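Scroll down for the structure; my scribbles are underneath it.
The values are calculated or read from the model by the stated rules, or taken from the named source; none is laboratory data. This structure is a prediction, so every number in the text was calculated from the model and none was measured. In this analysis, Cβ positions are derived from the backbone assuming ideal geometry, glycine residues included, and neighbour counts consider all displayed protein chains. In case anyone asks, the SASA skips ligands and DNA or RNA and just uses the protein heavy atoms, side chains included. Shrake-Rupley method; radii C 1.70, N 1.55, O 1.52, S 1.80 Å.
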Amino acid sequence: MVAGDVMSHMPITNDAYVEADGTYDYSHMLQFAARQLEQADYAVANLETVLAGGPDYSGFPAFNSPDELAYDVKEAGFDLLSTANNHTRDRGMDGIYRTLDVLDQAGLAHVGTYRSQEERDEHSGIYVADVGGISVAFLSYTYGLNGFRLDSDKMYAVNLFNLDYYTTLANPDYELLQSDLEAARALDTDLIAVMIHWGVEYQNAPNGHQTNLAQFLVEQGADLVLGGHPHVLQPYETISVTGWDGQEREGVVCYALGNFISNQYDPFPAVQTTAVLDLELTKDPESGETAVTGVSYEPYFMLHRDGAPVGEKRYLLNIHDAMEEYEAGESTLVDKSAYQQLQKALDHCHEILGVEGDLRAREAA
């Protein structure tokens, strides 16, 4: 299963605060998504904040979140987080390194940032996961670092797919991507997945930069391209290309899944609407051939309840479950206004991702 951007703007961080003992607890926000995620063989997302240590936590434009976020994300069912995105260097190099230490302590795998050249060199920065008995090589990249530059002797720290990552953001490092994907192919895993931070914020359609890059990644061996950064949904599709070896091959490309948790509210309902993508992977035990044999999604909505007490202000709701509970008169979170928001979010989700991937909506129809 694949989710979007895990963010902790200050209203999110504040709602996680537990005054009694001075700790933080995100579990109330994540509880409904956790019902789905715990069914996954493997679940991944993009961590769009750093864990640089408190107490000076912050949101946009330079994020720093409590360590508890990592532990609660792990408890909700996630296994791996991409750490390469435009906010990776929000708290300097120490923020990059400490984030990785905390993820290790929480038992979360990570890909995209590294503490040393040696760590980056090991398997070319690739993380190999066991997904229900199927091996998947994960790679991760970002377009840039919000204008920050890495020192020439620290380029190992973040996987950057643009050569001009601190200026025009228009010149992909094809040599790096080709080299890394060649290394991934050499690991002889069943599938290769590239998590990539790209695109234009608040645009519900991919641009030519994304589609060209997706084609190149699939040509070089990627079976899955999992995008993030726009903060809104963008479509997913299967593309066919001629691969590096001259053979025809297919890749599933998800351009963006929007915000998983965040406090964004404009444009509504786009930034509050997200989805968890459910990918079925199948391996033929005799031939060893592995493919993505099913793609569907579950729609979610980030509910804002500004008048509620701390610890009850922000919830990531499963849209179908929340609407059904309201219709049955059983909801403690959704009132008439929130129900109308959920309907708008569901319509938006179907408009961008298509109804056919929403299995529950398709069955209901």
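Size descriptors for the chain (Cα atoms only): Rg and Dmax, in that order, 19.7, 62 Å. How charged is the neighbourhood of residue 26? Take every other residue with its Cβ under 10 Å from the Cβ of residue 26, and add Lys/Arg as +1 and Asp/Glu as -1. Net of charged neighbours comes to -4. Once each of the GluC sites (Glu not before Pro) sitting in a DSSP loop with at most 15 other beta-carbon atoms within 10 Å is removed, the chain keeps 39-200 as its longest stretch. The equivalent ellipsoid that matches the C-alpha gyration tensor of the stretch 1-87 spans semi-axes of 21, 16, 10 angstrom, in descending order. A compact globular protein would have a Cα radius of gyration near 2.2 N^0.38 Å; the ratio found for the stretch 174-214 is 1.44. Summarising the amide proton neighbourhood of residue 243: residues at separation of 5 or more, or on other chains, whose placed amide H is nearer than 5 Å comprise 248, 249.
Ligands, DNA and RNA excluded, the heavy atoms of residue 185 present near 60 Å² of accessible surface to a 1.4 Å solvent probe.
Surface composition of the chain: carbon plus sulfur atoms contribute 45% of the solvent-accessible area (1.4 Å probe, protein chains only, all chains present). Across the stretch 129-263, Cα pairs under 8 Å and at least six residues apart give a relative contact order of 20 percent.
Report the per residue volume, in Å³, of the convex hull enclosing the C-alpha atoms of the stretch 308-365.
Dividing the Cα hull volume of the stretch 308-365 by its residue count gives 91 Å³.
Cβ under 13 Å from residue 237's Cβ, residue 237 left aside: what net charge do those residues give with Lys, Arg +1 and Asp, Glu -1? Taking every other residue near residue 237 into account, the sum is -2.
Entry comment: accessible area of the stretch 1-129 is 37 Å² per residue, from protein heavy atoms only and a probe of 1.4 Å.
Computed with a 1.4 Å probe over protein heavy atoms only, the accessible surface of the stretch 279-351 comes to 52 Å² per residue.
Counted over the stretch 63-150 with a bin width of 5 Å, the fraction of Cα pairs per bin, in whole percents, is 3, 13, 22, 26, 20, 11, 3, 1, 0. Under a model in which nothing but the beta-carbon of Lys, Arg (+1) and Asp, Glu (-1) is charged, the chain shows a dipole of about 900 debye around its Cα centre.
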